[in-house]
1. Determine which lysines satisfy two conditions relative to K53: a Cα distance under 26 Å, and not lying fewer than 8 residues away in the same chain.
2. Choose one of N249, Q20, S189: the residue whose Cα lies farthest towards the positive end of the charge dipole of the chain (beta-carbon charges +1 Lys, Arg; -1 Asp, Glu; about the Cα centre).
3. Which angle between 0 and 90 degrees, to the nearest 10, do you get for helix 116-125 versus the longest principal axis of the chain when only C-alpha atoms count?
4. Starting from the Cα of T250, step 7 Å toward the Cβ, then list every residue of the range 197-215 with an amide N under 12 Å from that point.
5. Restricting the calculation to Cα positions, tell me the Rg (one decimal) and the Dmax (whole number) of the range 55-186 in Å.
6. Place a +1 charge on the Cβ of each Lys and Arg in the chain and a -1 charge on the Cβ of each Asp and Glu, then give the dipole magnitude about the Cα centre in debye, rounded to the nearest 20.
7. Which one of M108, M59, M16 has the biggest mean-square fluctuation once the chain is modelled by GNM with Cα springs under 10 Å?
8. Give, as a single signed number, the net charge of other residues whose beta carbon lies under 13 Å from the beta carbon of R117, with Lys and Arg counted +1 and Asp and Glu -1.
Amino acid sequence: MAVNVQLLEKKYNDSMSKVQEAFERYGVDNVALAWTGGKDSTLVTHIVHSTVKKMGIKMPRCFCIDEGDVFDEIRAFLAENEPKFDVKVEMIHNSDVSKAAGGKLRAMVKVADLNERNRREIERLGFEEAEFPYEPESFVGNHLMKTATLNVYLYETKVKGFFEGIRWDEQGSRASEHYFSPRPATEYSPEHMRICPILHFTERDVWDAHFHFNIPICPLYKQGYRSLGARITTRKTTDVPAWDQDLENTSERGGRNQDKEGLMAKLRNLGYM
């Protein structure tokens, strides 16, 4: 399929405009960049880097949520490309939960063993059982290891917003998202802005942009992984590189934990990215 370079560059420049607007609104010291190593957040990282060079400012602080089961390839990819993007990735992690699990994936975690903050986050879910499995993409595990971890980060850093790499076509619950998505303060998280500069990109656009702008690609995608999540709950359905798969007629997240995907709308209402 031929790439419409003019349209692709317009989409890229439109994203840069959203990033520049965010810096002008909040200042570089008051925003953060979420970089997971995935194709979408790496594209956002490239766009943010291009924008700061154009504006003559520094890169914002950068974080990645360590949900307890990050692919080794992702950790290596982030470390290898930190210099390219002039960032130092801060890995943030809910150590209270992993400690209660003895650091063992799928081990049962007793709610009573957790600190008060995590117990309150569980109450928020309406979860009433005495224990749950330490699995990053289960309903409780996802909330504690990702959203609750993010909430603590927002409180501690006092940033006013952060960039994230979500798209309208990626998942049904994200189809109505806005470029600037305000989140009001709750008893669990401070008021902040989610800044989503690539909403208008399709999955195909993302790959076209990676190759057109020479953006680094995590090697897992070449192996056939199409969407990256926790290691034990992410699988590939083919050995064909992600960009050569039938992106238009098959599910992008078909290799992800389907229980979590089915609960995506509820998780997003609770603060999931």
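1. Excluding near neighbours in sequence, the set is K10, K11, K18, K39, K84, K88, K158, K160.
2. So the residue we want is Q20.
3. It works out to around 80 degrees.
4. Under cut-off, by backbone N: nothing.
5. Using the Cα atoms of the range 55-186, the pair Rg, Dmax is 16.6, 53 Å.
6. Values: 38 positive and 42 negative charges, 84 e Å.
About 400 debye.
7. Among M108, M59, M16, the largest GNM mean-square fluctuation belongs to M108.
8. Details: positive: R119, R120, R124; negative: D96, E116, E121, E123, E156, E187.
Neighbour charge sum, excluding R117 itself: -3.
The values are calculated or read from the model by the stated rules, or taken from the named source; none is laboratory data. Bear in mind the structure is a predicted one, so any value in this text is a computation, not a measurement. For neighbour counting, all protein chains shown are included, and Cβ atoms are generated from backbone atoms with ideal geometry for every residue, glycine included. The accessibility values were calculated without ligands, DNA or RNA, using every heavy atom of the protein model including side chains. Shrake-Rupley method; radii C 1.70, N 1.55, O 1.52, S 1.80 Å.
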